[in-house]
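Down below is the structure, laid out as structure tokens.
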């Protein structure tokens, strides 16, 4: 006779692609419920139901890609062609996205507070620069979205609202928000998908969960003395249980072979395919953050003999993003007749900063550069085919921000735009944080200079 362990998939089996970001969500200071108020007037657009963020971790060379400038570092095999007025792209680097840029808008004048990777990656996920005094209580953008959209969850929604991909041990916990708003981080390259419990396995799982619930009721009176850690673990158990009984979960985590071939069997290809599957499953996931690591090419950035270079990374994100755009554009919306899934899904490609324009350095690479860099936006109410902002002839300085504000936009403004598209008031504040400092969804107090706490309106109108 089989043991229970042999029949019932364990919680690790259920989330074998990754783990819930609970490290730190066990903090005694986790807040629930938070006190909120609107800090100012914002008028969220509500043009998107979902959001997929594809983080180019390590920094894209803006002058070789979406703000092309011919300079001493330009490679002879780039095959640069005009795609549309003002937009030139290398066919060698972006053979597929070149035909999809009518769906995409480019902001060319971002400026970053950061110029080193750890802080830059944190900034890209938290939507604000790292402040060590508050880091333990700051949630990632995905957790804020999960909190805000929680009231919209349906009885049939078993998937986590917020899912990340490839963050691993760098996934941020939910900070002062309740642990149930933590993300589920999935390793897209881990192999086969999860399995759903059914038949005898499901019956045994239900019985074990019934006994667990009975035990929880028996000790409920003593729960307050145990702090918040048990609540966090209980939320983890409940989510795992709900996922195990849903056949949509293994379907979403088991990509089709032909789809894998189209998207690419690499971190960003499998990540974008997973994001597509989760969104199309319509099972509760509304925000997916995919990390595409490895863009940090200080050396040999265009050396074909190297295992990692900009040719490989550009080709990988090219296939993944182009096919994600095509698939969502070809899929009818389940919620709004006459619209597509791309119409209701905002896709954002942020990066930490740019790379030094001009000639390559002494080891044939490009170092970090934070004065200007690019971001891509599509779907979810974004008007495609636009170029926002202009840099000088070498891509070193912003000549026109392209934004109604005088300052260059920053990562804060990327997420103000995300919140706006999702119908979230980006000027909200949360009080009673552990540090007693108000948490602003979009903070205007930047690390190196003030920020404008506003969306990038020009993307939408």
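Run down 385, 395, 402 and say which single residue is modelled with pLDDT of 95 or more, under 17 Å from residue 115 (Cβ atoms) and in a loop (DSSP other than H, G, I, E, B).
395
Specify which of the listed residues (389, 384) is touching a helix residue (DSSP H, G or I) at 6+ places or on another chain (Cβ under 6 Å) and either farther than 26 Å from residue 178 by Cα or without any contact (Cβ under 8 Å) to a residue 24 or more places away in the chain (or both). Spell out how you get there, then give the answer.
Working: 389 fails: touching a helix residue (DSSP H, G or I) at 6+ places or on another chain (Cβ under 6 Å).
Only one candidate passes the filter, namely 384.
Looking at 325, 274, 270, which one is within 17 Å of residue 379 (Cα to Cα), modelled with pLDDT of 95 or more and part of a helix (DSSP H, G or I)? It would help to see each step written out before you state the result.
Details: 274 fails: within 17 Å of residue 379 (Cα to Cα); 270 fails: within 17 Å of residue 379 (Cα to Cα).
The match here is 325.
Tally the residues that are farther than 20 Å from residue 382 by Cα and in contact with a helix residue (DSSP H, G or I) (Cβ under 8 Å, 6 or more places away or on another chain), restricting the search to segment 419-441. Spell out how you get there, then give the answer.
Kept after step one, since they are farther than 20 Å from residue 382 by Cα, are these residues of segment 419-441: 427-441.
After this cut, where a residue has to be in contact with a helix residue (DSSP H, G or I) (Cβ under 8 Å, 6 or more places away or on another chain) as well, the list is 433-435, 439, 441.
Here the count works out to 5.
Kindly indicate whether any position in segment 150-157 is at pLDDT below 95 and over 21 Å from residue 180 (Cα atoms).
no
Specify which of the listed residues (351, 331, 345, 340) is without any contact (Cβ under 8 Å) to a residue 40 or more places away in the chain and either touching a strand residue (DSSP E or B) at 6+ places or on another chain (Cβ under 9 Å) or within 21 Å of residue 263 (Cα to Cα) (or both). Working first, answer last.
Values: 351 fails: without any contact (Cβ under 8 Å) to a residue 40 or more places away in the chain; 331 fails: without any contact (Cβ under 8 Å) to a residue 40 or more places away in the chain; 345 fails: without any contact (Cβ under 8 Å) to a residue 40 or more places away in the chain.
Just a single option satisfies the conditions, and that option is 340.
Can you tell me which of (1) more than 20 Å from residue 105 (Cα to Cα); (2) assigned to a loop (DSSP other than H, G, I, E, B); (3) touching a residue at least 12 places away in the same chain (Cβ under 8 Å) is the one residue 430 doesn't meet?
For residue 430, the exception is condition (2).
Give, as residue ranges, the strands (runs of 3 or more DSSP E) completely inside segment 64-182 that count at least 2 residues that are in contact (Cβ under 8 Å) with a residue 24 or more places away in the chain.
By residue number, 87-90, 104-110, 162-165.
The values are calculated or read from the model by the stated rules, or taken from the named source; none is laboratory data. Every value quoted in this text rests on a predicted model; they were computed, and no experiment measured them. Cβ atoms come from the backbone with ideal geometry, glycine included; neighbour counts cover every protein chain shown.
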